[in-house]
Structures are given as C-alpha cells and as structure tokens.
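Some notes on the structure that comes next.
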Amino acid sequence: MPKIIRDRQLVDDNWQIQRDAEAEPLTPSETQPVLIQVDEWQGAPYTAPWLASHTELNEQLADRLKSATLIAIDFPDFNDGRGYTLCRQLRERYQFKGEIRAIGDVLQDQLYYMSRVGFTSFAIREDKDPEEALQGLNTFSVRYQAAQDEATPLFRKRWEAST
C-alpha cells in the first residue's frame, strides 16, 4: 500500500484516484475510497473531490465542497503554482477546515511551502521516497512571513516582545 504524509507523519494511503472520467469508474468502498474530479463528484459515500490546478474557485463551488472531508489539489507539474493559491483560498476565503491533500508532481522541496498555505497531507510522486520527503517539512526553523500556519510575522513578534 502506498504511503502519504499526513499531519507530519507517514501513513498508509488507501485512496484511489479516478483521473480519467472516460475510463471505467472505480468502485468506492470503506477500505478503498476514491478521489473523483470535482466536476464528476456528487458527494457519494467514500468519495472526495480532486481539483485540477486550473479550477476557478467561486462561492457556488466552495459551497459544494463544504461537505467534503478531504479535497485533493492536483499539481500536474512541479513548477505549476496554482495549487498553492487554491489551497490558500479554500482555507482563508472559504474557511475549509478539513484535509487538503497535494497530489500529482509533488516533491520534497515543495512540502514546507505547501504546508504554509494550508495543505495537511501530501501524496509524493511515485518515483520518490516519502520517508525522505518527510524531511522537507523541516527545511526552515524560522518563519518570517505570516501564513496559514503562523498568523503573526516575525517582525511583529519581535516588536511585541520589545514593548
């Protein structure tokens, strides 16, 4: 069974991904739930939506996604940064509190930054070692900017400590 990183730990991943809407549909079950492209997702049991990087988030879509316990965001290429924006919008604008997973071309170098915008789980690219990639979450020990994981920027903390 493949491994993913969830909440900074390596865990088994039993989710299947239905990438091709034209292919025979995967059958979701309690032991093998299915990620389905958001346009096809109807909120059926043991399913969750995945968003393509070019997805346009709006109030109507965000309202549909509120019932999902997991939303996956696809990175078709490691240099496509639109998934970061989707995640941040889900967290900040639409107040999504559930699991947001990065899927696709996800590499160790991206994990720290992905976690800063609100990703909570990561399906590392198949040809990479998820145990090694886990170290990517500890790349930096000090955060200068405010983000999803740290609301107060470093300069404000220093200023508050000095007053």
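Residue-by-condition table, conditions (1) assigned to a strand (DSSP E or B); (2) in contact with a strand residue (DSSP E or B) (Cβ under 6 Å, 6 or more places away or on another chain); (3) within 27 Å of Ala133 (Cβ to Cβ); (4) at pLDDT 95 or above:
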position	(1), (2), (3), (4)
Thr31	no, no, yes, no
Pro45	no, no, no, no
Gly83	no, yes, yes, yes
Leu86	no, yes, yes, yes
Query raised in the report: Would it be correct to say that Lys97 is loosely packed, with under 13 Cβ neighbours inside 10 Å and under 13 Å from the mean Cα position of the chain (by Cα)?
Result: yes
Report summary line: Going through region 62-81 in order, the residues found to be in contact with a strand residue (DSSP E or B) (Cβ under 7 Å, 6 or more places away or on another chain) and either part of a loop (DSSP other than H, G, I, E, B) or polar (S, T, N, Q) (or both) are Ala68, Thr69, Pro76
Query - Long-range neighbours under 6 Å by Cβ, at least six apart or interchain, first residue in contact (Cβ under 8 Å) with a residue 24 or more places away in the chain within region 3-16, second small (Gly, Ala, Ser) - result: Ile4/Ser121; Ile4/Ala123; Arg6/Ser121
Report summary line: Among the residues of region 26-42, the number that are of a type in the set (A, V, I, L, M) and over 18 Å from Arg101 (Cα atoms) is 1
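Which of the residues belonging to region 65-82 are under 15 Å from Ile100 (Cβ atoms) and of a type outside the set (Ser, Thr, Tyr)?
Going through region 65-82, the residues under 15 Å from Ile100 (Cβ atoms) turn out to be 65-75, 82.
Listed by number, the residues that qualify are Leu65, Lys66, Ala68, Leu70, Ile71, Ala72, Ile73, Asp74, Phe75, Arg82.
Taking region 98-129, which residues are among the hydroxyl-bearing types (Ser, Thr, Tyr) and either touching a helix residue (DSSP H, G or I) at 6+ places or on another chain (Cβ under 6 Å) or not in a loop (DSSP other than H, G, I, E, B) (or both)?
Quick first cut of region 98-129, residues among the hydroxyl-bearing types (Ser, Thr, Tyr) only: 112-113, 115, 120-121.
Those that are among the hydroxyl-bearing types (Ser, Thr, Tyr) and either touching a helix residue (DSSP H, G or I) at 6+ places or on another chain (Cβ under 6 Å) or not in a loop (DSSP other than H, G, I, E, B) (or both): Tyr112, Tyr113, Ser115, Ser121.
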Requested in this report: Write out, first by first residue and then by second, each pair whose Cβ atoms fall under 8 Å of each other, whose residues are 6+ apart or on separate chains, and whose first residue, in region 85-97, is farther than 13 Å from Asp149 by Cα while the second is of a type in the set (Phe, Trp, Tyr).
Outcome: Leu90/Phe96
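The values are calculated or read from the model by the stated rules, or taken from the named source; none is laboratory data. Source: prediction; values computed, not measured. Cβ sites come from the backbone with ideal geometry, for glycine too, and all protein chains shown count toward neighbours.
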